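Where a number appears in this text, it was derived from the coordinates with a stated rule and is not lab data. It should be emphasised that the depicted structure is a prediction, and the values quoted were computed from it without experimental measurement. Methodologically, a virtual Cβ is constructed for each residue, glycine included, from the backbone with ideal geometry; neighbour enumeration extends over all protein chains shown.
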């Protein structure tokens, strides 16, 4: 299905004339430079090859049509409002950008096909933008002529905002914006922005904008959390946008490094897209100002996600075009942590009955439908973004889940957080590869994770671990038939053997009911004698006396190696959890056994009781086997009567 406007523009007209229109490329002396354009890439021929440390300056003259991104699509452009004939401009990718040359792969000159994003070097920007005088504008970098473009009231409110740490201050109010949008100024105003060490530039401008901001303490610095939105975004945006930006700055700085820029801006637009210091986010109430939980949490989540992109890839500058997961997946993982922080720090944002923020991606159970789906339409995470079948699950959901499991179940929070922070600090303002991430996580933690990277990132295998068999034994000093045959074959008498303890399986021919009633020392006098001869009275009082012995065999129909998380429930109603590390599968990839001694009788065993591992089939997770309702039966019960 397509929007009618999109269908018409695609099939019924000649379409939008987009892209850059290059008029000339010249060196610093005005001499034309030979250049070649191939679709979305342009190659400029230099007079001579550049050596390390060399500089070469050139200029490009171009022009660019601004698109209606609601009708024609695209990551930037304008949204048209019929009321008062106004537009909101969210601008980016409007100028020719440098490709990346790095010491690993050379030039990244893959074409831009729309879905896989960008690979960009860092640079400094000084940008002057002339717009109608009644427009509000903000973007990447410092606003260097604030006093020229602000009114006295705006300057006063801005200074208040720099000292407001608990709530946003409106620089432009809704009442003021509603008055401004009813007419159009014929005057012009130039806004000047200067940014250093950023990989891109974006800005937003409109006469419709409400503008609010607040200060956020990050380390020893104050960072401004900022929002630009029209009245169509209220009451939702005024209440939660800047609060979400502020919360995100705190969460991401805790998980990585302190945010190094001076501001982060959230702009109201019908999409989600990110650039240094500024991002464009959806989420709009209906005409009466009403909104659902889906709209509210969708807006908060996209703001957290897009603001989070300031870390990945704006600062930890991975190659989005080649490895989509390195920014989207890592960002979605930290987004999950930040969402849970937001719910904890802003409980009034949660709806009735909610105990935590309703995150869509991150929890292991949420990725199960994808990982357990049709393998013909699943690709490894380590696949070029353009070539994946299910882009959202592959680049966002699965890597985020893999890292969440690594943090919560494999490594533990302290060790994971230290290693993850080390990766971000080590590679900020650089161009990391997947190997750099894998290597740093292991290097910082001294944790062998080769098996984890291989399974989760290089294959489409899934998790499926279950209980195959449980055998129950009792200890006795009475020789069983096997040991009698063993001695006879070797011409030995039973008296020739050292004191032994024998295990008798419940239900076998050699099992006697009396074993159920006796203690370990009753059933195995040899153990009692050994204890009396070798332990002090104090040591004897502290010894365990298990009565029940089990051999539990676990199976692994799924291909992914994972720890075995087991909950043992006893006859007295108590329970205990055990985690057997992934190395348990090292010598046998299909099944593994554990011997268990207990003074209490085990009545049930359950693998992955809290759904931590993304196990796609829980029908084999329990002993005795649980009878579970099918999805159809659950539906029938819901609609009964």
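Relative to the longest principal axis of the Cα atoms of the chain, the long axis of helix 525-534 makes an angle of roughly 70 degrees. Using a simple spin-label model with pseudo-atoms 7 Å out from Cα toward Cβ, residue 575 and residue 87 lie 6.0 nm apart. Taking other C-beta atoms within 10 Å as the exposure proxy, 639, 566, 603, 527 rank 639, 603, 527, 566 from fewest upward. The mean sequence distance of close C-alpha pairs (under 8 Å, at least 6 residues apart), as a share of the length of segment 462-641, puts its relative contact order at 29 percent.
By the Stokes-Einstein formula, at 0.692 mPa s and 37 °C, segment 235-302 with its Kirkwood radius over alpha-carbon pairs has D equal to 257 µm²/s. Of the peptides 443-454, 539-550, 459-470, the order by per-residue mean of other Cβ atoms within 10 Å, starting with the highest, comes out as 459-470, 443-454, 539-550. Listed peptides 139-147, 202-210 appear in the order 202-210, 139-147 once ranked by packing, highest mean of other Cβ atoms within 10 Å at the front. DSSP finds beta bridges in the chain, and of those with both partners inside it, around 90 percent are antiparallel.
Only helical runs count toward this figure. For the chain, summing -39,500 (n - 2.57) over DSSP H runs of n ≥ 4 and dividing by all residues gives -8000 deg cm²/dmol at 222 nm. Above 32 angstrom, tally the Cα pairs of the chain and express them as a % of all pairs, no decimals. The calculated P(r) of the chain puts 60 percent of pairs beyond 32 Å.
What's the exposure ranking of 303, 602, going from fewest to most Cβ atoms within 10 Å?
Lowest to highest Cβ neighbour count: 602, 303.
Spacing of the modelled spin labels on residue 294 and residue 129, each 7 Å from Cα toward Cβ, amounts to 3.3 nm. With contacts taken as Cα pairs under 8 Å at a separation of at least 6 residues, the chain carries a relative contact order of 9 percent.
Annotation: peptides 148-156, 348-356, 73-81, ranked by per-residue average of other Cβ atoms within 10 Å with the highest first, follow the order 73-81, 148-156, 348-356.
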